[in-house]
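**Q** Supplied in structure tokens, the structure appears directly below.
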Amino acid sequence: MNVRIAALAALLTVVVAPLGRAGGKAGEKGMVTFHLETDPTTNPKLVFPQMDNGKQRLFLRAPEFTLKDMVAFSPFPSGTGDEYGLVFQLKDSGKRHLNVLSLSSQGKYLLAQANGRVVDGVIIDKPVEDGVIVIWKGISNEEVKIFDKVLPRIGDAGKGKKKKKTK
């Protein structure tokens with residue numbers, strides 16, 4: 001009997017634990033996630049709400065893209081004060097996923113979170129084939145410096161992300 005309870009607890013930990021966060025712990029530095037808008041019929045445990053011009057939209061907790069899907073980035077001034085935007089180049093698998101997602105989800109929002117906070121969102125209005133995903137605003141200069149520690153800049157192969165030393 002105790003074996004069954006332990007097995008059930010282990011299963012619940014694996015299945016339920018990832019649902020408790022929206023693609024990264026709040027305050028986790030150098031983290032970026034992109035979440036797809038979904039409809040109200042989706043299981044409420046799998047979504048989180050976000051207001052957009054007075055209208056509540058629902059987004060999947062499980063991110064479509066994370067930092068692990070990216071190979072490089074480049075910051076640019078957003079034009080909204082001292083904020084920056086970020087351009088991310090996706091790995092080949094992420095590039096294919098973005099293409100399929102942009103074909104099948106036109107008219108839906110893709111919400112961006114950086115370091116555990118919502119920073120931007122875009123409407124998917126056409127297919128994206130180049131494997132580039134953008135956060136248009138909401139990134140501070142300090143956050144750009146953090147991303148410099150975890151990803152190389154676009155065009156600077158070999159710089160940026162620190163590799164673990166092997167013994």
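Rule-based calculations on the coordinates, nothing more; no lab input. All figures in this text were calculated on a predicted structure; none of them were measured in a lab. Every residue, glycine as well, gets a Cβ built from its backbone with ideal geometry; the counts of neighbours run over all protein chains shown.
**Q** Of K126/K149; K95/K137; K91/K149, which pairs sit farther than 25 Å apart, going by alpha carbon to alpha carbon?
**A** Check vs 25 Å cut-off fails for K126/K149.
**Q** What does the charge count near H97 come to, summing +1 for each Lys or Arg and -1 for each Asp or Glu among other residues with Cβ under 14 Å from its Cβ?
**A** -1
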